[in-house]
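What follows is a short report on a single structure.
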Amino acid sequence: MFELLRTWFSSGKEWERERALQASTQLLTAYQETVHSTTQETFNQFGSLIGAIAPYSCDSLAMSHQWVVDCISCLLCIQGQPMNLGSAEEELRCLRNMCHL
């Protein structure tokens, strides 16, 4: 599914990148709630998805920042690293709060 979104991730239009991040968050959330909750398997694409999503934390749209944080949070939960990671959790929370300013 993420291969299909790659076109929109590399778009020059901010709103298309923001939509791709939103769709990614929704896909990861659905995966976490349905597949992962029953199998508890690790997610093999963890590193490549973090690498693909993280650069958009610097995108100019504030909602893109929030979607990136949500994606990373979801990926960490799927990977078995829930968002109680101390300083890493605080950094992500600060990034999310900055998105709402």
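The values are calculated or read from the model by the stated rules, or taken from the named source; none is laboratory data. This one's a predicted model, so the numbers in the text were calculated from it and none came from an experiment. Cβ sites come from the backbone with ideal geometry, for glycine too, and all protein chains shown count toward neighbours.
Table: residues versus (1) surrounded by fewer than 16 Cβ atoms within 10 Å (Cβ to Cβ); (2) modelled with pLDDT of 85 or more; (3) of a type in the set (Val, Ile, Thr); (4) not in a helix (DSSP H, G or I).
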{"site": "Trp15", "(1), (2), (3), (4)": "yes, yes, no, no"}
{"site": "Arg19", "(1), (2), (3), (4)": "no, yes, no, no"}
{"site": "Gln22", "(1), (2), (3), (4)": "no, yes, no, no"}
{"site": "Thr25", "(1), (2), (3), (4)": "no, yes, yes, no"}
{"site": "Ser37", "(1), (2), (3), (4)": "yes, no, no, no"}
{"site": "Asn44", "(1), (2), (3), (4)": "yes, no, no, yes"}
{"site": "Val69", "(1), (2), (3), (4)": "no, yes, yes, no"}
{"site": "Ala88", "(1), (2), (3), (4)": "yes, no, no, no"}
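Taking the stretch 2-13, which residues are more than 12 Å from the chain's Cα centre (by Cα) and either part of a helix (DSSP H, G or I) or on the phi > 0 side of the Ramachandran plot (or both)? Residues satisfying the conditions are Glu3, Leu4, Leu5, Arg6, Thr7, Trp8, Phe9.
Within the stretch 1-21, the residues that satisfy the criterion of being touching an Asp or Glu at 6+ places or on another chain (Cβ under 9 Å) and in contact (Cβ under 8 Å) with a residue 24 or more places away in the chain are Phe9, Glu14, Arg17, Glu18, Leu21.
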